[in-house]
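Worksheet: one structure, shown below.
Any read-out appearing in this document is the output of simple, stated calculations on the displayed coordinates, not a laboratory observation. Since we're looking at a predicted model, the values are computed, not measured. For neighbour counting, all protein chains shown are included, and Cβ atoms are generated from backbone atoms with ideal geometry for every residue, glycine included.
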Number of protein chains: 2
Amino acid sequence: MRGGIVWLTGLSGAGKSTLATAVARELATRRPVELLDGDDIRTFLSAGLSFSRPDRDTNVQRIAYVARLLAKHGVLVFVAAISPYRETRDAVRALSEAAGHPFIEVYVNAPLETVVARDVKGLYKKAHAGEISSFTGVSDPYEPPLHPEVEVRTDMSSQADCVSRIVAIMAAHALVHGL
Amino acid sequence: MRGGIVWLTGLSGAGKSTLATAVARELATRRPVELLDGDDIRTFLSAGLSFSRPDRDTNVQRIAYVARLLAKHGVLVFVAAISPYRETRDAVRALSEAAGHPFIEVYVNAPLETVVARDVKGLYKKAHAGEISSFTGVSDPYEPPLHPEVEVRTDMSSQADCVSRIVAIMAAHALVHGL
């Protein structure tokens, strides 16, 4: 089966990694999948990069490079990364599609007040206290996708609902069969 | 067929990329292969890194991370990278083997005088003139492998001979069939 890239974008704490993990797990018995998590990638590929716009873009481009390499070999790659800039996401989409790999943009949407209230990693508290600078949604911009293949509202829908909507859009793009 | 990593190490100009390309091309119809070239990787994954030891090590570790991701999905990955430090190569071998991927170290050996005479990219001339600092073999060390799976002498053997020796060692490790 052909490879592809499922790119989950959204605020920190919106549920990108959780959903990507759940969808990847559901599909793992049916086709080769891989999950590239923004936090892991910062450790392995982008240690030393800051959260300035150029460094964020570099990080996103590196993830996309690795994702394309895997997609080329038939892997369905889930990327969970804030990737706050629309232009950068559109650029990696263009490179992916030019290489012949479908690119599914998933907007993992939860209002800022929701993710601040969750504050799973305690980062929003630190960002509001000024202990972290350039924090997306607080002191740095997040540009929502204008035309994502699918948008899920993790504050309003159950995880199971979000997962099935993402799986459905992949089926519509012939990235998974037998549903 | 299972994935694996074929790591070609040696001086700049020794013939790593040439051999990796030739071997990958020979095998491409028989199994999934990918070539990660040190120069390309510097562009896509390691722009901004210097040629200091820590930065070289970071570069090598990034290549190895991507190679393991691909090997995990059944790809035979050829890495062509100077990777001058023995300890660093041994470390990436250990990580690869721990992940269950065979690691074939290929020492692409040509004496310094040979690669200086070839000087394909004109880099040795610049290094000797002091225009490039920390240049492996000139102003930076190269530590040859002590126990590579295979050593090829590109100054003494034909390209075809080197290619068949590398393919043979891969067959011995069950990374290619039907030879």
GNM of chain B, Cα pairs under 10 angstrom: of B:Gly74, B:Gly100, B:Gly130, the biggest fluctuation goes to B:Gly130
Note, region B:97-105: 3J(HN,Hα) by Karplus (6.51, -1.76, 1.60, θ = phi - 60°), whole Hz, Gly/Pro = x, goes 5, 4, 7, x, 9, x, 10, 10, 8
Within the set A:Leu146, A:Leu49, A:Leu112, GNM on chain A using Cα springs under 10 Å gives the largest fluctuation to A:Leu146
Eigenvalues of the alpha-carbon gyration tensor of chain B, times 5 and square-rooted, give semi-axes in Å, largest first, of 26, 19, 13
homo-copy label distances at B:Asp40 (7 angstrom along Cα-Cβ), nm, one dp, ascending, are 2.3
Which of B:Val79, B:Val108, B:Val163 fluctuates most in a GNM of chain B (C-alpha springs under 10 Å)? That residue is B:Val163
In whole angstrom, the spacing between the Cα centers of region B:31-73 and region B:99-165 equals 17 Å
Full extension between A:Thr21 and A:Thr43 adds, at 0.36 nm per residue less the Cα distance, a length in nm of 6.1 nm
Shielding of B:71-77 by other chains, given as the mean Cβ count within 10 Å, works out to 4
The long-range amide H neighbours of A:Leu36, using H built 1.01 Å from N in the peptide plane and a cut-off of under 5 Å, are A:Phe78, A:Val79, A:Ala80
B:Ala172 and B:Ser134 label points (each 7 Å along its Cα→Cβ direction) are spaced in nm at 3.6 nm
By the C-alpha gyration tensor axes a ≥ b ≥ c (rounded if a/c is under 1.5, else prolate when a/b exceeds b/c, else oblate), the shape of region A:93-179 is oblate
Mean per-residue count of partner chain Cβ within 10 Å for B:58-66 equals 3
Applying the gyration tensor rule to the Cα atoms of region B:34-120 (axes a ≥ b ≥ c; rounded if a/c under 1.5, else prolate if a/b exceeds b/c, else oblate), the class is prolate
Computed from the beta carbon distance with a Förster radius of 25 Å, FRET efficiency for A:Lys125 and A:His147 to the nearest 0.05 stands at 0.15
Reduced to Cα centres, the span from region B:74-97 to region A:2-30 in Å works out to 29 Å
The relative contact order of chain A, taking Cα pairs under 8 Å that sit 6 or more residues apart, comes to a percentage of 33 percent
Under the 7 Å Cα-to-Cβ spin-label approximation, A:Ala99 and B:Ala99 lie apart by a distance in nanometres of 1.6 nm
For region B:110-178, listing trypsin sites (Lys or Arg not before Pro) in a DSSP loop whose Cβ sees at most 16 other Cβ atoms within 10 Å gives B:Lys121
Excluding residues fewer than 8 positions from B:Lys126 in its own chain, the lysines with Cα under 24 Å of it are B:Lys16
